[in-house]
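Structure first, commentary second.
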Amino acid sequence: MSEVIVVTSGKGGVGKTTTSANVGTGLAAMGKKVVLIDTDIGLRNLDVVMGLENRIVYNLVDVVEGNCRIKQALIRDKRYPTLYLMPSAQTRDKTSVRPEQMVKMLNVLREQFDYIILDCPAGIEQGFQNAIAGADRALVVTTPEVSAIRDADRIIGILEANDFKKN
Amino acid sequence: MKNAVMIKSFPNGLMVLLDEKMEFPELLKEVALKFKESQHFFSGAKMALSLEGRMLSEQEEKQVVDTIIANSSLNIVCLVGKDEETNQAFFKAVEQAENLQKDNDGQFYRGTLRNGQLLETEKSIVVIGDVHPGASIISHKDIIVLGGLYGEAYAGGNGEEGHFVVALEMSPQKLKVGDFKYISTEKSRWSIRPKVQPKIAYVKNGRVIVEPLTKESLN
């Protein structure tokens, strides 16, 4: 049973990427097979946080467009053998991927991993729609600031409208 | 062949006489055709329906009704038999259905309205939950929030000022009743631990007044 978790917030800079990296690493340390997917196409950061940016060859957009196999785009973390990262493209934008394509890719990954963690971009546009399309569960990150909480509230509303349950 | 389907009217309803021998799928087509022809004649009428001349299984019956609905703008309230007693019962049913729609001017919403969500209705609305900042409720009649009102509320949305807004915690970003805006002296506060103090907002002498909900204000 694999689970797809999207880490989202609405507002930028509240710690989505940090949370994704740490939750993913934590699960891997428990011996679970984990893949972190950076869905912030054009503004990738997760690879930098993980310290894996110099190992990127292929990325999410390459996989979706069929330029490479999924396995080729996955970077294994040397510290945790069950932790993988799929970086996003830096030279493209969010419209390069459609929600159906994400769902299709996630369905393949589900067979190989226990946890798939999606690092969502800020905002509620296409990038956000892509990220939540195939997710089973969402983690909403916020800081104790009025603006961040307002955005988180909005995000929860959108997630509820997309049939994410509260628990 | 020509008269595989006949439509007759009886008080408060329609009787559809179906051919006994025809294959069922064929018959369905005939029904569709017949009702399409007379679409304009029946437009939007509330009717009872009686199917005669042929024994139909429950499923077939449903198919016939669905076909009729799909091919006309008839509003079918129920299916009836032909005898007088059921007819009477049926007449009552039509009347009740009509009354129900007329009286039904309240609506419930269960759950929290979040930032960016809009609830608009022509009826009075009771929200069981909070209205967060950035969410808005518009009702042509009254608004009752069983929770905190921190967002926007607009009662009497079609310009009638005789309506009210009630909330267990009244701290709206914007509040309007009819054409009158409430000018708040304090800023909207969206707190974790609300001070539950039910308040009512209504129009008096061309101004929106917010006051604690007491027995007196209910009169």
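The single residue among B:VAL126, B:VAL165 that is within 20 Å of the chain's Cα centre (by Cα), away from chain A (no Cβ under 14 Å), part of a strand (DSSP E or B) and at pLDDT 90 or above turns out to be B:VAL126. When A:GLY10, A:GLY51 are checked against the criterion of being out of contact with any strand residue (DSSP E or B) (no Cβ under 7 Å at 6 or more places or on another chain), of a type in the set (Gly, Ala, Ser) and in contact (Cβ under 8 Å) with a residue 12 or more places away in the chain, a single residue qualifies: A:GLY10.
Here's a check for you: in the range A:131-167, which residue that is within 14 Å of chain B (Cβ to nearest Cβ), β-branched (Val, Ile, Thr) and out of contact with any Lys or Arg (no Cβ under 7 Å at 6 or more places or on another chain) is surrounded by the fewest Cβ atoms within 10 Å (Cβ to Cβ)? Step by step, filter the range A:131-167, then rank; the result is A:VAL146.
Scanning the range B:192-219 for residues that are within 20 Å of B:GLU160 (Cα to Cα) and of a type in the set (S, T, N, Q) returns B:ASN205, B:SER217, B:ASN219.
Residues that are within 15 Å of the chain's Cα centre (by Cα), surrounded by fewer than 17 Cβ atoms within 10 Å (Cβ to Cβ) and either part of a helix (DSSP H, G or I) or among the aliphatic types (A, V, I, L, M) (or both): does the range A:50-66 have at least one? Walk me through how you get there before you give the answer.
Here is the first cut: in the range A:50-66, the residues within 15 Å of the chain's Cα centre (by Cα) are A:50, A:59-61, A:63-64.
Applying the additional criterion that residues be surrounded by fewer than 17 Cβ atoms within 10 Å (Cβ to Cβ) yields none.
No - not one qualifying residue is present in the range A:50-66.
Within the range B:184-205, the residues that satisfy the criterion of being free of Cβ contacts under 8 Å to residues at least 40 places away in the same chain and farther than 21 Å from B:SER139 by Cβ are B:THR185, B:GLU186, B:LYS187, B:ARG189, B:SER191, B:ILE192, B:ARG193, B:LYS195, B:VAL196, B:GLN197, B:ASN205. Here are the criteria: (1) within 27 Å of the chain's Cα centre (by Cα); (2) more than 14 Å from every other protein chain (Cβ to nearest Cβ). Tell me which single one B:ARG114 does not satisfy. All conditions pass for B:ARG114, except number (2).
Every test in (1) surrounded by 18 or more Cβ atoms within 10 Å (Cβ to Cβ); (2) in contact with a helix residue (DSSP H, G or I) (Cβ under 7 Å, 6 or more places away or on another chain) is passed by A:VAL103 save one, and that test is (1).
Out of contact with any His (no Cβ under 6 Å at 6 or more places or on another chain), surrounded by 13 or more Cβ atoms within 10 Å (Cβ to Cβ), within 14 Å of chain B (Cβ to nearest Cβ) and modelled with pLDDT under 90: does that describe A:PHE128? For A:PHE128, the condition - out of contact with any His (no Cβ under 6 Å at 6 or more places or on another chain), surrounded by 13 or more Cβ atoms within 10 Å (Cβ to Cβ), within 14 Å of chain B (Cβ to nearest Cβ) and modelled with pLDDT under 90 - is not met.
Pick from the range B:130-142 the residues that are away from chain A (no Cβ under 12 Å) and of a type outside the set (Val, Ile, Thr): which of them is nearest to B:LYS174 (Cα to Cα)? I'd like the intermediate steps shown before the answer.
Keep residues of the range B:130-142 that are away from chain A (no Cβ under 12 Å), which gives B:136-142.
Now narrow it down to the ones that are of a type outside the set (Val, Ile, Thr): B:136, B:139-142.
On the way: B:SER136: 9, B:SER139: 14, B:HIS140: 16, B:LYS141: 17, B:ASP142: 16 Å.
Per the stated criteria, the residue is B:SER136.
The values are calculated or read from the model by the stated rules, or taken from the named source; none is laboratory data. In this text the structure is predicted, and so the values were computed from the model without any measurement. Note that we place each Cβ from the backbone using ideal geometry, even for glycine, and neighbour counts take in every protein chain shown.
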